[in-house]
Amino acid sequence: MVDVDDFVIRAGHVGIHDGKRHLIRRAFHQMMTPKALLVLFLAGAPLLAADAGPKRKDRLCGELSSFLASVKPEVSRSFTLYTFWGAEVEGDQIVMGAKRCEHNDYEPGKKLCAYLVENSSTEFAGYNVKRVLNCLLPGRGVPGELEIKNGSFSVTYGSPNRGALVDIVLSRDEQFDGMAFRLTADGY
């Protein structure tokens, strides 16, 4: 959490200040009349409450749930989302980022991949994994301050009688020259 002293508020502009805390503190206190504090509190309270409580519903959760629910017992299904971020020369153009998703010709995987290519982070592959983990761990979720660079995670989806064992791996992919986020669901 950033202290109030680290914010500069001027005519609708809010930004992180990198020095001179005493000047900021004085300007902040001069601007923050009781009425201004009430307005700031009323405007910010819903945002704080949303962050403190259960995670907001991410549309990805529905897409992921459809994919996982489609995996039949004794069958394994997977997808891999590849992301690249950084400058790369392709012909006479410079590409700053790219995404590709492999679904192994499985229709629910194809649908999920189409969603991920349009609605996932290119720059922060770990954020995509956090979103999926938040879907699979309702109520608990993943702490917002946790940054995932690479790793593997296993979780179950469904009920004790029917569902899937889900393995997630985020790692560097040398062939794509970026990150690979692979999810494998083994139905039971």
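The values are calculated or read from the model by the stated rules, or taken from the named source; none is laboratory data. Keep in mind that this is a model prediction, so the values were computed, not measured. Every residue, glycine among them, receives a Cβ derived from its backbone with ideal geometry; neighbour counts consider all protein chains shown.
Residue check: E118 meets all listed conditions (1) surrounded by fewer than 18 Cβ atoms within 10 Å (Cβ to Cβ); (2) in a helix (DSSP H, G or I); (3) in contact with a Leu (Cβ under 9 Å, 6 or more places away or on another chain) but one, namely (3). Selection of first residues in the stretch 75-95 that are of a type in the set (D, E, K, R) and of second residues that are surrounded by 11 or more Cβ atoms within 10 Å (Cβ to Cβ) and at pLDDT 95 or above, restricted to Cβ pairs under 6 Å at least 6 apart or on distinct chains, gives the following pairs, ordered by first then second residue: R77/V71; R77/Y106; R77/A185.
If I filter the stretch 91-101 for residues that are within 16 Å of E63 (Cα to Cα), surrounded by 17 or more Cβ atoms within 10 Å (Cβ to Cβ) and assigned by TED's automatic domain parsing to the domain that holds D173, do I get at least one hit?
Let us first name the residues in the stretch 91-101 that are within 16 Å of E63 (Cα to Cα), namely 101.
Now drop any that are not surrounded by 17 or more Cβ atoms within 10 Å (Cβ to Cβ), which leaves 101.
Remaining after also requiring assigned by TED's automatic domain parsing to the domain that holds D173: 101.
Within the stretch 91-101 (the criterion being within 16 Å of E63 (Cα to Cα), surrounded by 17 or more Cβ atoms within 10 Å (Cβ to Cβ) and assigned by TED's automatic domain parsing to the domain that holds D173), the answer is yes, since at least one residue qualifies.
For D105, the conditions (1) over 23 Å from V75 (Cα atoms); (2) part of a loop (DSSP other than H, G, I, E, B) are fulfilled apart from (1).
Going by the structure shown, is R140 within 30 Å of N161 (Cα to Cα) and modelled with pLDDT of 95 or more?
On the way: within 30 Å of N161 (Cα to Cα): yes; modelled with pLDDT of 95 or more: no.
No.
Determine whether V132 is at pLDDT 95 or above, of a type outside the set (F, W, Y), surrounded by 15 or more Cβ atoms within 10 Å (Cβ to Cβ) and in the same structural domain as F79 (by TED's automatic domain parsing). Yes; evaluated as a whole, the condition is true for this residue.
Of the residues G178, G139, the single one that is of a type in the set (G, A, S) and under 21 Å from N104 (Cα atoms) is G178. Select, from P73, P54, P108, P34, the only residue that is modelled with pLDDT of 50 or more and in contact with a Gly (Cβ under 7 Å, 6 or more places away or on another chain). Just a single option satisfies the conditions, and that option is P73.
Screening the stretch 143-177 for residues that are in contact (Cβ under 8 Å) with a residue 40 or more places away in the chain and outside any strand (DSSP E or B) and picking the one that is surrounded by the fewest Cβ atoms within 10 Å (Cβ to Cβ) gives G144. Among the residues of the stretch 58-90, just one is among the β-branched types (V, I, T), farther than 21 Å from L170 by Cβ and in a strand (DSSP E or B), namely V89. I'd like the full set of residues that are more than 13 Å from N128 (Cα to Cα), of a type in the set (S, T, N, Q) and either modelled with pLDDT of 95 or more or in contact with a strand residue (DSSP E or B) (Cβ under 6 Å, 6 or more places away or on another chain) (or both), limited to the stretch 149-180. If the condition is that a residue be more than 13 Å from N128 (Cα to Cα), of a type in the set (S, T, N, Q) and either modelled with pLDDT of 95 or more or in contact with a strand residue (DSSP E or B) (Cβ under 6 Å, 6 or more places away or on another chain) (or both), then S152, S154, T156, S159, N161 are the ones that fit.
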